[in-house]
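Here is the structure we will look at.
All of the numbers you see were taken from the coordinates with simple rules; none came from a lab. Remember, predicted model here, so these are calculated numbers, not experimental data. Positions of Cβ are generated from backbone atoms using ideal geometry, with glycine treated the same way; all protein chains shown enter the neighbour counts.
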Amino acid sequence: MRKNLTLLLFALVSSLSAQSDKYVYIYQKGIITYQKRTDLIDSVSVNPSSREFRFYDKSGALLYASSCADIDSMAFRYDRPVADLLDVEFSSTGKARDVSPMNHTVQLVDGGGMGIYKNARFNRYAARFDNNRGVAPVSYYKIDYSTNAKFKMALANGHSFETIVMSSYPFGPQSLESKWFSAHQGGGTGMSVLRGTFYFLPNVSTTGSSYYIELNSGVNPQPGVFYHIVGVWNKAEAKAYVYVNGELKGTMSAEGNLVFPSNLDAQWFGIGGDPKNATAAEMGWLGDVVMARLYDKPLSANDVTVLWNDLQEENIEGDGRLVRDVDFVSGLPVKQGQRYELAGHGFQKGDVMKILNMKSGLALYTSEVIPMGQDSAYFVLPQNLQSGRYRLMLTRGSESQHLGWDSMTVVTRMPKVPLVNSHRGFWNAPGSAQNSRTSLRKAIEIGSYNSELDLWLTSDDSLVVNHDATLNGVTIQTTPYETVKMLTLSNGERIPRFAEMLDIVTDSKGMRFLVEIKTHSTAARTRQAARAAMLMVQAWGLDSITDYCSFSLDACQELLSIDARAVVFHISSQTPATVEALGLGGLSMQIGRYRSNPTWAADLRSMGKLSVAWTLNSRAELIEMANAEIDVLATDLPLLGMKVRDYYRRHQDD
């Protein structure tokens, strides 16, 4: 190649013109480092002096440049990977289909916790899941393979995952495990965010027992960022690989046979959650899924490079969409004639919004879209709008774009503005951890109504902050402070003393403080912890902004014996009547209790008591409890909670 550059150039140009519907691949050290459709390459040059090789497009722009010495070879054909086991495509209606040769049935289980939109970057419809992260999802897709022997055999001989995914909110090391594309349940294979990072988890064993190969990518998903992830199990090599955005991020030994779930009811792939049984999923996903593919072979490094480069080429070429990055909060109450707000880029004066019937597709209402700055717009809802589920279609001249769907509940009065509690602080923020000093400071910074922490008494009567009874294998209440103080949280901080947290709260800028007294080994120790906490709060002069809660009635009674005016919540199956009889500040309940007792919030309000719902970790749950006029929404995702809160605040006077 280096001896005769003229012959090389002639041969290459001839090959390009003859392969107009193919790709050209450039190899360096046996690895594909560049690929391009040949019809997009207009000209080629080789500089004899610098020995530099270049591709140009039709506009004369440089596409690629490299020293000839660095190029091993070029090729025009490659056995490009095809997702022959599963290739899910979402549609604008929310339904999905498998376009692989397997032609699986893809079942949508929709409990109102998802939406569909056209993703501009990848030129595909994407599913946006609004599940409560890490627990039972309300919406997911199900692909049953329990009776498909051919599919099982293909998986068992080695397989690969390809997926594009985005998390809506940060993951920390203490976050619950969450799965967007998997088939786990005492066996199986799939992808997961475990201990705060992306994992590939095939269940492979030499004995037949259930054992997961926990292959860690080391990549912590950041909110709003899309990741292309490939997991490979190569049975012949007895290895597993995980790639993120085209780069190999981890490899492990994975010898043995694939172990399938023993229960046929759990032999299905979930998108948006992980199988639990025939009728339920778990470990729900909060965020977007753009792609979910399975391959009947272990993909090579070059295969992954080709797939990744394909995505980059799609991004460069674009897809001609009208607007991008569109977001709106579905399920919120609306009033006739109200402004309906949209986030997104590319809205223009003259755009029109069509509100279509979900079933018929007929346009029921139209409204002019008003751009607001660079990243938002609004349109006015019609005066005769009725409650229902609608599709939103943006039109610009003869072009149109489906934006998603919304379940609109028309109200005559906007529900009251809820308050937002940062559960264990704002611990999902980068660099934070549950019950850490950082989590408390960040809760103050974002303007939470209050921030909760959990309190333990050490064996020598020091108050320290942690949720669990143990930390790093040490039981706090049976260990002296000199040992406990050396324990480290997941973000590297030492376990905080209660006094340190009070120092931070003294500059809380109006935020209240919620102290949970943990239930200790005896009622006497629990009462002692409660008394010590309240006396310290009073000594700091913070009693006017501090509330208390506990699962222990002993703790609550001890607190009220010191200050009968204190706001104290007993976290249990109380009722408004018992709250009033005990002198408590209100009810602190899980969402199910309020669903079963829809009058309780109003009953408490009439008594001058507060209602608190916990722990609300999806937009659907936050909106449901806000619509029920629960006073305080406790969440691990306080930024999401305040986004919902701000909506109610903006529309109080519409």
Task: Whole-Å distance, taken between Cα centres, linking the range 499-556 and the range 609-654 - done: 25
Open item on the list: Projecting each Cα onto the charge dipole of the range 86-317 (Lys/Arg +1, Asp/Glu -1 at the beta carbon, about the Cα centre), which of ALA281, ASN257, ASN309 comes out farthest on the positive side?
Closed with: ALA281
Task: Cα gyration tensor category, rounded, prolate or oblate, for the range 154-264 with a/c compared to 1.5 - done: prolate
Task: Inter-centroid distance (Cα atoms) of the range 53-111 relative to the range 331-399, Å - done: 33
TODO: Go through 480-486, 455-461, 336-342, 135-141 and give me the packing order, highest mean Cβ count within 10 Å leading.
DONE: 135-141, 455-461, 336-342, 480-486
Open item on the list: With the cut-off at 1.5 for a/c, could you classify the chain from its C-alpha gyration tensor as rounded, prolate or oblate?
Closed with: prolate
Task: Cα gyration tensor category, rounded, prolate or oblate, for the range 221-277 with a/c compared to 1.5 - done: oblate
TODO: Per DSSP H run of at least 4 residues, take -39500 (n - 2.57); add these up for the chain, divide by its residues and hand me the 222 nm value, nearest 500 deg cm²/dmol.
DONE: -6000 deg cm²/dmol
Open item on the list: Rounded to the nearest 5, what % of DSSP beta bridges with both residues in the range 340-450 are antiparallel?
Closed with: 95
TODO: Holding the Cα-Cα limit at 22 Å, pick out from LYS416/LYS609; LYS29/LYS235; LYS249/LYS442; LYS152/LYS235 the pairs that are longer than that.
DONE: LYS29/LYS235; LYS249/LYS442
TODO: Report the relative contact order of the chain, percent, no decimals, based on alpha-carbon pairs under 8 angstrom and at least 6 residues apart.
DONE: 10
Task: Positive minus negative residues near ALA634 (Lys, Arg vs Asp, Glu; Cβ under 10 Å) - done: -1
TODO: Net charge near LEU248: determine it from the other residues with C-beta under 15 Å of the C-beta of LEU248, scoring Lys and Arg +1 and Asp and Glu -1.
DONE: -1
TODO: At 15 Å minimum axial length over the Cα atoms and a Kyte-Doolittle cut of 0.0, report the qualifying DSSP H helices in the chain, or say none.
DONE: 5-18, 523-539
Open item on the list: Could you check the spin-label model distance between SER561 and ARG593? Points 7 Å from the Cα along Cα→Cβ, value in nm.
Closed with: 2.3
Task: Additional length obtainable on full extension of the chain from ALA278 to ASP468, 0.36 nm per residue less Cα span - done: 65.1 nm
